[in-house]
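Heads up: the structure comes next, in structure tokens.
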Amino acid sequence: MDIKLKNYRFSVWVKFLAIILCVGGMITLAYGLLNAPYFEDAIQNKDFKDSITGNDIFRNVYHELSIVAFKYKSEENIKSGATLDQDEIADTKNYYENERQNEIQQVEHNFYSTINEYQNYIYDSHIIVDSNGNIQENSDVVSKLKKKEVQDKINEAKEKKDTKIKEINQKYDKLISEVEKNAMDRQLEQYKSEIRYLNNLNGIFYSVEQNGKIILSNVTSNNMEKFFDTLPFSVKLTTNNWYQYITRINYTYDMPSDTVVYIGMSPERYTAELTAFEEKSSKGLTGLKISSVGLLNFLIGLVYLIYSSGRRCDKEGVHLVAVDIIYLDVALAVSIGAIALGLAPIVEFLPHFYRENIQYNTSVIYSIFGTIIAIGTLIGIMFVTMFTKRLKRHEVIKHTLLYKVLSWIFTRLKKWYLRVKENIGGVFRKSPLAVKLALIFGAYAFITLISVVLLTSGNAVLLGLIALLTINVLAIYFILKNFKALINIKEGAERIRAGELSYNIPELGLWELRSLAVSINKIADGLKNAVSSQVKAERMKAELITNVSHDLKTPLTSIITYVDLLKNEGLNSENAEKYLGIIDSKSQRLKSLTDDLFEAAKATSGNIAVNYEKLNVASLINQGLGELSDKIEASGLNFKTSFPAENTYVNADGKLLWRVIENLLSNVFKYALPNSRVYIDVEQTSNKVSIIIKNISAYELNVNEDELMERFKRGDASRHSEGSGLGLSIAKSLTELQGGNFSIKIDGDLFKAMIELPSVID
């Protein structure tokens with residue numbers, strides 16, 4: 001069953017059903033939202049008397065009552081000026097005064113501008129006009145006719161200025177004087193408007209009592225409290241409870257002390273409001289349920305489409321379709337534009353639809369709206385799935401038109417830069433030093449010339465001075481930098497010549513100087529490496545001679561000694577058999593050393609025939625361990641093997657590979673800690689097989705891995721153990737001869753040898 005579900009998980013039909021679920025869910029959600037104006041009625045208290053809707057009616061009535069009864073009280077009170085806000089009056093007057101000053105300043109500014117025009121007009125006539133419009137002679141050549149002409153124009157301008165200022169003062173004097181009257185008129189108009197509103201209330205009764213006296217009411221009764229108690233819905237407001245009823249009113253007036261306000265509904269009004277409230281609550285609740293179901297269906301379908309986008313039943317990975325070639329930012333812009341174009345008529349039409357529902361065929365309207373919403377949902381789903389595919393492929397940024405355009409521009413700019421750099425910079429780099437210097441100093445001379453021209457032009461003196469100083473500072477810096485580089489090269493060459501091979505010359509200055517410094521540094525590094533190699537070779541040569549001499553001399557000395565003993569004591573001596581045994585042992589030891597030397601020489605030179613064959617590694621190791629069972633038992637070592645569950649094969653020479661393993665096991669027998677464990681593991685990866693042998697050394701391993709694989713190197717520094725010190729070196733050479741890698745690792749007293757050979761697939 002699970003396999004069948006897995007096969008259908010990304011099928012086209014399931015995706016199609018998810019799209020239908022999304023579109024249907026969105027249409028359902030939109031249909032439910034048609035009742036959005038009634039959602040508040042659905043989620044508030046179902047008791048109409050405790051609902052926000054019911055109490056809002058009384059709050060609004062209280063608001064109007066507070067304006068009439070508490071703020072204005074009566075027309076006479078308004079006309080007396082008691083209701084005027086003196087701060088507001090003062091602010092209004094200050095506003096008019098500021099406006100007056102602004103207009104007067106503008107008139108005076110225009111007058112001064114006119115005088116300046118006259119000043120320009122008569123400039124050549126040697127007449128000067130001051131800021132007050134007075135004419136001053138600047139020369140005796142000014143004619144009286146010219147002076148009169150100018151004076152007449154100025155007098156005309158001054159007259160116009162004074163007239164305009166007088167008009168401005170008259171206008172604002174009137175406005176300021178009428179501020180209080182206008183404010184009072186506005187209050188009277190508002191008072192009358194509130195009275196008309198209260199008088200036209202349908203089915204709403206109210207009464208305001210202050211100090212036991214009725215000051216405002218539309219009810220005639222001797223007992224107001226009893227009258228309002230008979231109403232199906234009423235409230236009694238006092239200074240103790242009035243605030244809880246007006247919290248939703250943004251602007252109202254506090255209830256004075258010893259004041260009682262009654263507000264109530266007639267039975268007819270109450271019945272009508274209750275019926276309307278229940279209808280709205282029912283519509284709102286139905287709309288909420290429909291919207292919730294639609295939203296849930298939409299989200300389920302959308303989540304599945306996001307999860308399955310780009311996936312197929314028969315293929316792995318994220319796959320694209322033809323529409324995915326569209327750039328994401330283009331698709332987003334088109335989607336937003338299409339959705340906005342579709343929603344615009346809905347937003348424009350819905351208010352009219354709510355107000356004039358009977359004028360339209362609702363079935364047609366719902367069909368049109370549903371179609372628009374379905375198309376918009378499909379467009380949105382298309383973009384979401386396109387975006388999701390690119391997100392899964394990590395191509396969101398790269399698959400945008402903006403990225404492509406910027407990449408194209410950047411690529412072109414980079415190519416242009418590289419071309420310019422190559423054409424100009426390359427020519428400069430490849431040019432002889434003399435040409436470079438000529439170009440540098442030519443540029444210096446040109447910039448200096450330009451700077452001098454600017455310096456003497458009169459209009460750009462500061463710019464020329466800055467340029468001249470800058471170019472000279474840069475020139476001095478350039479000369480000093482390259483001169484320092486030349487000195488560094490000279491001093492560095494002297495130090496290297498004196499034997500300080502580790503010294504590196506700083507790579508500074510022009511290309512030629514940097515190149516010269518690099519070359520000398522490389523020569524020094526080469527000399528240092530050559531000296532180091534030579535020293536190491538001489539050290540290894542000395543150690544090799546010493547070790548060979550020691551290893552050959554020891555058994556040879558024993559042989560000579562015991563031969564002399566036999567000569568002296570004779571073959572009939574009781575010790576003769578013992579002496580012969582020792583001579584035989586030392587002879588075999590000497591033969592083994594010479595054989596190892598010969599084999600090491602052949603392995604190093606590669607002068608060994610390699611017969612490749614397909615080998616089962618586990619079988620080879622098990623067979624070898626079987627042959628060495630007596631030796632293993634005698635050693636007291638506990639061998640632990642770990643092989644893969646499946647057979648592992650390598651392409652190698654069986655004899656040579658076993659010789660490598662045998663050399664390692666020989667090391668184990670010689671140097672392993674008695675009664676310890678020895679681990680032989682075989683590991684296989686995709687292209688190689690590793691043979692790993694691990695043991696705990698009985699000797700302190702105070703040498704590194706590289707030194708230990710050198711010829712005649714042993715784990716015991718005293719060289720008292722058996723062995724030539726050639727085993728690891730031979731093992732390494734034989735492994736490499738078969739195309740493998742040989743390595744060792746030392747971790748404290750843990751010795752680990754690893755043989756790696758290419759694997760062969762069975």
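A short reminder: the numbers here are calculations on the coordinates, not readings from a lab. Small disclaimer: the values here were computed from a predicted structure and weren't measured. Note that we place each Cβ from the backbone using ideal geometry, even for glycine, and neighbour counts take in every protein chain shown.
Computed values, structure above
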item: Distance (nanometres) between label positions extended 7 Å along Cα→Cβ at Ala443 and Tyr477; result: 1.4
item: Computed over region 11-87, Cα set: Rg, Dmax in Å; result: 26.4, 85
item: Full-extension gain in nm, Val563 to Leu341, via 0.36 nm per residue minus C-alpha separation; result: 68.3 nm
item: Extended-chain gain in nm, criterion 0.36 nm per residue less alpha-carbon gap, Thr163 and Asn110; result: 17.7 nm
item: Using a Förster distance of 56 Å, the FRET efficiency for Glu700-Lys392 (Cβ separation, nearest 0.05); result: 0.45
item: Computed label-point distance, nm, for sites Ile215 and Asp584 using a 7 Å Cα→Cβ extension; result: 14.1
item: Links that overshoot a 31 Å alpha carbon limit, given the list Lys528/Lys688; Lys49/Lys283; Lys522/Lys745; result: Lys528/Lys688; Lys522/Lys745
item: FRET E, pair Asp525, Leu332, Förster distance 56 Å, beta-carbon r, rounded to 0.05; result: 0.45
item: Extension gain (nm, one decimal) between Lys614 and Ser502, 0.36 nm per residue minus Cα-Cα; result: 35.2 nm
item: Inter-site label distance for Lys745 and Lys174 at 7 Å from Cα along Cβ, in nm; result: 10.4
item: Label-reachable residues, region 69-101, where backbone N falls under 15 Å from a point 7 Å from Arg186's Cα toward its Cβ; result: 83-96
item: Modelled FRET efficiency - R0 51 Å, Asp50 with Val321, Cβ distances, 0.05 increments; result: 0.35
